[in-house]
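K.L.:
The following block contains the structure, expressed as structure tokens.
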Amino acid sequence: MSGEKRLTDPAPGGRTSARHALPDRGGWFGVYGGRYVAETLVTPLAELERAYAEARADVGFQEELGTLLENFVGRPTPLYFAARLSQQLGSRIYLKREDLAHTGAHKINNTVGQCLLARRMGKPRVIAETGAGQHGVATATAAALLGLECDVYMGRVDTERQALNVHRMELLGARVVPVDSGSRTLKDAISAAMRDWVSHVDSTHYVLGSVLGAHPYPMMVRDFQSIIGRETRTQILAAEGRLPNWLVACVGGGSNSIGLFFEFLDEPSVRMLGIEAGGEAIEPGRHAARFAAGRSGVLQGTKSYLLQDDAGNVLETHSISAGLDYCSVGPEHAYYHDNGRIQYDSIDDDEALAGFDALTRLEGIMPALESAHALGYLLLDRSRIEPGSLLVVNLSGRGDKDVQSVLRARGKP
Ligand SMILES: *Cc1c(COP(=O)(O)O)cnc(C)c1O
């Protein structure tokens, strides 16, 4: 059955392959993307690009990945009709349940794919960087599964804030390397991971966690995540007999959202909305809404929207949700923002908390605070979504990890 085939094929194959030429061979999505790296990384990235192209075309690789996604990750994840939420909001709302994937979020789709690629490239070691620890845990999990050595870079401040995830990674056999340079958070961890990669590239693959960085990462991570949208198409057609009017997802680096959207980009009747973190206010240093206040710039290997001051210095960011708290966004999003194919909006911390409460109380599903941004948007008076719409919201992860943050936001110890 062709639908089933697509579920196990992570390439933008089947019906979408001919229609999406992006990125071009230089890794460009229009004027965004590319490969802005030091000389020392040009060869490793070219080698990765070639290895990935071969793996993508290799039936054996695709079958092994498909089997792991099914039996290890637990795919396909359900498409759940949220009856009480739908009734309250006057639309038909389905949730794509990435929170039910192994380790509790979509990130595992990408780390299993990249670790399988690392093994195929003959690299016994992977490295990653992580902010809140979610990508670190997903990488450590895939590394354990495939018997790879794993080092995860994490800013010292984040290791203290996210001690539980540090323990999880260590229990999985990974080594967590605290980073003491700069602001001792995610940006500094990324720089440390890049330095490691440059000096150990023969033995090591760098597992990047979102649709960021130099080509081929934004394309490769998108391909691994696009299984979300391929499953959704099959599932919504089975449930409703038609495509949705709207797809909604939160946008940090942009991987869960493009993972849902990609399959539908050439369906003009399907509108798409990405929700960024509005934080405390749209003022410098107090949010992570790149499309609300950013402009084009180059950071960590790619050109995209970037939160920066007039002199081009990268600004600090804030969000109640660690996974959305980053100063840039994937270059493919920048492209679809500018040409209008995907719309973007932002909601603030309190509005996201309202989304968290609504889903928890109405459906008995506690969402990650990242996903709560997509849900909270639906509750707003200024929502662009017309009542009566059929929509799919990507529930990118589960909220167990955020219970402390929610209590703290409510002034509880
Ligand atoms: C990391 C994370 C995000 C944000 O990353 P994207 O690349 O934008 O998907 C969103 N939701 C959850 C649950 C996450 O762990």
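The values are calculated or read from the model by the stated rules, or taken from the named source; none is laboratory data. Just so it is clear, the model here is predicted, and its values are computed rather than measured. As a convention, Cβ positions derive from the backbone with ideal geometry for all residues, glycine included, and neighbour counts pool all protein chains shown. Accessible surface is based on the protein model in full, side chains and every heavy atom, while ligands, DNA and RNA are left aside. Shrake-Rupley method; radii C 1.70, N 1.55, O 1.52, S 1.80 Å.
K.L.:
Which one, 116, 128, 144, is farthest towards the positive end of the dipole of the stretch 108-192 when Lys and Arg carry +1 and Asp and Glu -1 on their Cβ?
P.N.:
Of the candidates, 116 comes out farthest on the positive side.
K.L.:
Pairs of Cα atoms under 8 Å, at least six residues apart: use those to get the relative contact order of the stretch 103-148, whole percent. Provide the component values of the computation, followed by the final result.
P.N.:
Numbers: 36 pairs, mean separation 22.6, N = 46.
The value is 49 percent.
K.L.:
Additional query: Using alpha carbons only, what's the Rg to Rh ratio of the stretch 274-404 with Rh from Kirkwood? Numbers along the way, then the final one.
P.N.:
Details: Rg = 15.0 Å, Rh = 15.3 Å.
My calculation puts Rg/Rh at 0.98.
K.L.:
Only helical DSSP H runs with n ≥ 4 go in: add -39500 (n - 2.57) per run for the chain, normalise by residue count and round the 222 nm mean residue ellipticity to 500 deg cm²/dmol.
P.N.:
Numbers: 17 runs with 172 residues, N = 413.
The helix contribution divided over the chain gives -12500 deg cm²/dmol.
K.L.:
Another one. Taking the Cα centre of each part, how many Å lie between the stretch 358-413 and the stretch 231-255?
P.N.:
Computed from Cα coordinates, the inter-centre distance equals 17 Å.
K.L.:
Tell me, what ³J(HN,Hα) does each residue in the stretch 289-305 have, in order and in whole Hz, if you take phi through Karplus 6.51 cos²θ - 1.76 cosθ + 1.60 with θ = phi - 60° and put x for Gly and Pro?
P.N.:
Values, residue by residue: 9, 4, 7, 7, 9, x, 8, 4, x, 10, 8, 6, x, 9, 9, 6, 6 Hz.
K.L.:
Another question, if that's okay. Order of 204-213, 182-191, 71-80 by packing, highest average Cβ count within 10 Å first?
P.N.:
Those peptides, ordered most packed to least, come out 204-213, 182-191, 71-80.
K.L.:
Provide the per-residue ³J(HN,Hα) series for the stretch 126-142, in order, calculated from phi with Karplus coefficients 6.51, -1.76, 1.60 and θ = phi - 60°, each as a whole number of Hz, with x at glycine and proline positions.
P.N.:
The phi angles translate into 10, 10, 8, 10, 8, x, 6, x, 5, 5, x, 5, 5, 5, 4, 5, 5 Hz.
K.L.:
Sticking with this structure for a sec: Once amide H atoms are placed 1.01 Å from N in the peptide plane, what residues at a sequence separation of 5 or more from residue 347, or on another chain, have their amide H within under 5 Å of its amide H?
P.N.:
276, 278
K.L.:
Follow-up question, since we're still on this one. Taking Cα pairs under 8 Å and at least six residues apart, what relative contact order does the stretch 311-413 come out at, in percent?
P.N.:
On the way: 94 pairs, mean separation 23.1, N = 103.
The normalised contact order for the stretch 311-413 reaches 22 percent.
K.L.:
For the stretch 131-205, what does the relative contact order come out to in percent, with C-alpha contacts under 8 Å and a separation of six or more? The partial results should precede the final answer.
P.N.:
Numbers: 93 pairs, mean separation 24.9, N = 75.
Relative contact order for the stretch 131-205 comes out at 33 percent.
K.L.:
Okay, moving on. What Kirkwood hydrodynamic radius, in Å, does the stretch 177-266 give when the mean of 1/r is taken over all pairs of distinct Cα atoms and then inverted? Don't skip to the answer; put the middle values down first.
P.N.:
Details: mean 1/r = 0.0652 Å⁻¹.
Kirkwood hydrodynamic radius for the stretch 177-266: 15.3 Å.
K.L.:
Calculate how many DSSP beta bridges within the stretch 77-180 are antiparallel, expressed in % of all such bridges and rounded to the nearest 5. Walk me through the numbers on the way to the answer.
P.N.:
On the way: 3 of 14 bridges.
Around 20 percent of the beta bridges assigned by DSSP in the stretch 77-180 are antiparallel ones.
K.L.:
Same structure, new question: How large is the dipole of the stretch 170-261 about the Cα centre if only Lys and Arg carry +1 and Asp and Glu carry -1, each at its Cβ, rounded to the nearest 20 debye? Don't skip to the end; give the middle numbers.
P.N.:
Values: 8 positive and 8 negative charges, 52 e Å.
Computed charge dipole of the stretch 170-261: roughly 240 debye.
K.L.:
Find the centroid of the Cα atoms in the stretch 178-194 and in the stretch 35-69, then give the distance between the two in whole Å.
P.N.:
25
K.L.:
Hey, can you rank 94-100, 47-53 by average C-beta count inside 10 Å, highest first? Kindly include the intermediate steps, with their values, before the conclusion.
P.N.:
Numbers: 94-100: 23.3, 47-53: 17.0.
With the highest mean Cβ count within 10 Å placed first, the list reads 94-100, 47-53.
K.L.:
While we're here: Excluding ligands and nucleic acids, what accessible area in Å² is computed for residue 194 using a 1.4 Å probe, to the nearest 10?
P.N.:
Counting only protein heavy atoms, residue 194 exposes about 50 Å² to solvent.
K.L.:
Still on this model: How much accessible area per residue does the chain have, in Å², with a 1.4 Å probe?
P.N.:
On the way: 15670 Å² over 413 residues.
Roughly 38 Å² per residue, with all protein chains present.
K.L.:
If you restrict to DSSP beta bridges whose two residues both lie in the chain, what percentage is antiparallel, to the nearest 5?
P.N.:
Numbers: 16 of 50 bridges.
Antiparallel: roughly 30 percent of the beta bridges in the chain.
K.L.:
For the stretch 182-240, which whole percent of the accessible surface, found with a 1.4 angstrom probe, sits on carbon and sulfur atoms? Let's see the in-between values first.
P.N.:
On the way: 920 of 1620 Å².
The nonpolar share, carbon plus sulfur, comes to 57 percent.
K.L.:
Per-residue HN-Hα couplings for the stretch 86-93, Karplus 6.51 cos²θ - 1.76 cosθ + 1.60 at θ = phi - 60°, whole Hz, x for Gly and Pro?
P.N.:
Each residue of the stretch 86-93 in turn: 4, 4, 5, 9, x, 10, 9, 10 Hz.
K.L.:
Under unit Cβ charges (Lys, Arg +1; Asp, Glu -1), what dipole magnitude, rounded to 20 debye, does the chain have relative to its Cα centre? Don't skip to the answer; put the middle values down first.
P.N.:
Values: 43 positive and 50 negative charges, 125 e Å.
Computed charge dipole of the chain: roughly 600 debye.
K.L.:
While we're on this one: What is the magnitude of the charge dipole of the stretch 287-383 about its Cα centre, with +1 placed on the Cβ of each Lys and Arg, -1 on the Cβ of each Asp and Glu, and no other charges, expressed in debye to the nearest 20?
P.N.:
Working: 6 positive and 15 negative charges, 78 e Å.
Value, rounded to 20: 380 debye.
K.L.:
Which of the residue pairs 187/303; 107/187; 96/123 have a Cα-Cα distance greater than 22 Å in the structure shown?
P.N.:
Details: 187/303 16 Å; 107/187 19 Å; 96/123 34 Å.
Over 22 Å Cα-Cα: 96/123.
K.L.:
Calculate what fraction, in whole %, of the accessible area of the stretch 339-411 sits on carbon and sulfur atoms when a 1.4 Å probe is rolled over the protein chains.
P.N.:
On the way: 1330 of 2870 Å².
Carbon with sulfur: 46 percent of the solvent-accessible area.
K.L.:
Based on the alpha-carbon set only, what is the convex hull volume of the chain divided per residue, in Å³? Let's see the in-between values first.
P.N.:
On the way: hull volume 54.0 nm³, N = 413.
Hull volume normalised by residue count: 131 Å³.
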